[in-house]
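The values are calculated or read from the model by the stated rules, or taken from the named source; none is laboratory data. All values derive from a computational prediction rather than experimental measurement. Cβ sites come from the backbone with ideal geometry, for glycine too, and all protein chains shown count toward neighbours.
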Amino acid sequence: MRVTASAPGKLMLMGDHAVVYGYPCLVTAVDLRYQATVEKHLGTQILLETPMMRKNERKFEISKDALLNRSDFPRAAAFVLAAVRSFYQRYPFEGGLKIRTDGPIISYGLGSSSAVTAATVAALTALHHFSVPNQTLFEIAFDAVLEVQGKGSGFDVASAVYGGTLFYEQGGEVIEPIAVGDLPVVIGFSGEKVSTTDLVEQVSQLKSRNPETVDGIFNMIGKLVRKARYSIESQDWQTLGDLLNLNQGMLDALGVSTLQLSKQIIAAREAGAYGAKLSGAGGGDCMFALAEPGIEHGVSEGIENAGGEIVRIRTGVSGVRIEPN
Ligand code: PMV
């Protein structure tokens, strides 16, 4: 028996960084899907093939014993192997596994790691003939991501598991769907970035040097997120645009924007977008603008002229699911 599961990437809408400190965020699942195919095999080896990983070795083999005792896997294999381990710790299984992952080669920093982790966990549950609630899938996948990254709020894992657009609070204590379809956003990729972990660390150091000020900024971001949730529900794009711009101001204050991101953000606003901000940790990756269908073209052009690459994908798509083989 062979089982394939797929999970979506994500676009962080608001609450970046503050969510690491217990404040809420808003995230939407994007139509950049990653697959994990699993099947049993005799013996106790775990065989992994990851053609979506461009560099280094694409095939990886490890015994189950080594998997349970080792945590420093090659980066390209780390999330999938951590997912297997996290699953096995809750639901020990007999025999070995063959795993193959797939997905878009260019991930634009839009959540490929959390998607591939969630897909692996979902495929393993189906392979072992049981199903678990989304909250359990989330917990298993989040443990795996934490094991590899050390830090993280888990918003990306929640998005990969639940899909749609979510209001999320750290650790998954609150995961609430927001009733809205595809959002009128234009996404612009700014190029490679420094690692999320480094940026989270940079903000943490800023916070330890300036505790009250940075706490004040996080608190304000939390307020903007709570307001934005209602603007999305009522499709009040004008207000949402204001809130996005205010949130970007806060991220600028935290020092995580870059010249390239800022150029694209300002170009989008000048082309008539309601609002624009960076998405995620900053330091590169993507920004997005809120733009009605009529002005979407001009906003895209503005972002491109500022040196960005437009990423055309739908938002609010479905979460992890088993695919027909
Ligand atoms: O850079 P990304 O897309 O992985 O987003 C990171 C978002 C942070 O809030 C900075 C970290 C986190 O885990 O929430």
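Going by the conditions given, is A306 of a type outside the set (S, T, N, Q), touching a Leu at 6+ places or on another chain (Cβ under 9 Å) and modelled with pLDDT of 95 or more? In short, no.
Restricting the search to helices (runs of 4 or more DSSP H) fully inside segment 192-286 and requiring at least 3 residues that are touching a residue at least 24 places away in the same chain (Cβ under 8 Å), more than 13 Å from the ligand (Cβ to nearest atom) and at negative phi gives 211-233, 237-254, 259-270.
Quick check on my filter: what residues within segment 121-136 are within 24 Å of V27 (Cα to Cα) and in contact with a Phe, Trp or Tyr (Cβ under 8 Å, 6 or more places away or on another chain)?
Once the filter is applied, which keeps residues that are within 24 Å of V27 (Cα to Cα) and in contact with a Phe, Trp or Tyr (Cβ under 8 Å, 6 or more places away or on another chain), segment 121-136 yields V121, N134.
Only residues that are assigned to a helix (DSSP H, G or I), among the small types (G, A, S) and at pLDDT 95 or above: list them for segment 287-303, please. Once the filter is applied, which keeps residues that are assigned to a helix (DSSP H, G or I), among the small types (G, A, S) and at pLDDT 95 or above, segment 287-303 yields G298, S300, G302.
Kindly evaluate A179 against the criterion of being more than 11 Å from the ligand (Cβ to nearest atom), among the small types (G, A, S), on the phi < 0 side of the Ramachandran plot and buried (at least 20 other Cβ atoms within 10 Å of the Cβ).
No, not satisfied.
Would you check if there is a residue in segment 252-269 being buried (at least 19 other Cβ atoms within 10 Å of the Cβ), hydroxyl-bearing (S, T, Y) and more than 21 Å from the chain's Cα centre (by Cα)? No, segment 252-269 contains no residue that is buried (at least 19 other Cβ atoms within 10 Å of the Cβ), hydroxyl-bearing (S, T, Y) and more than 21 Å from the chain's Cα centre (by Cα). Taking (1) over 23 Å from A289 (Cβ atoms); (2) among the small types (G, A, S); (3) surrounded by fewer than 19 Cβ atoms within 10 Å (Cβ to Cβ) in turn, A160 satisfies each apart from (3). Among the residues of segment 98-111, those that are closer than 22 Å to E147 by Cβ and either free of Cβ contacts under 8 Å to residues at least 12 places away in the same chain or in contact with a helix residue (DSSP H, G or I) (Cβ under 7 Å, 6 or more places away or on another chain) (or both) comprise I99, T101, G103, G111. Identification of helices (runs of 4 or more DSSP H) wholly contained in segment 86-164 with 1 or more residues that are away from the ligand (no atom under 16 Å from the Cβ) yields 112-127, 134-149. The set of residues in segment 101-114 that are surrounded by fewer than 19 Cβ atoms within 10 Å (Cβ to Cβ) and either under 17 Å from V3 (Cβ atoms) or touching a Lys or Arg at 6+ places or on another chain (Cβ under 6 Å) (or both) contains only D102. Quick check on segment 1-21: of everything there that is within 11 Å of the ligand (Cβ to nearest atom) and surrounded by fewer than 24 Cβ atoms within 10 Å (Cβ to Cβ), which residue is nearest to T125 (Cα to Cα)? Checked segment 1-21; the qualifying residue nearest to T125 (Cα to Cα) is V20. If the condition is being farther than 30 Å from S131 by Cβ and touching a Ser or Thr at 6+ places or on another chain (Cβ under 7 Å), then segment 290-325 contributes G308, I310. If only residues of segment 287-297 that are over 26 Å from Q202 (Cβ atoms) and buried (at least 21 other Cβ atoms within 10 Å of the Cβ) are counted, the one that is nearest to the ligand (Cβ to nearest atom) is L290. Just to verify a result, which residue in segment 124-139, among those that are in contact (Cβ under 8 Å) with a residue 40 or more places away in the chain and either in contact with a Leu (Cβ under 9 Å, 6 or more places away or on another chain) or basic (K, R) (or both), is farthest from M12 (Cα to Cα)? Restricting to residues being in contact (Cβ under 8 Å) with a residue 40 or more places away in the chain and either in contact with a Leu (Cβ under 9 Å, 6 or more places away or on another chain) or basic (K, R) (or both), the top hit is L127.
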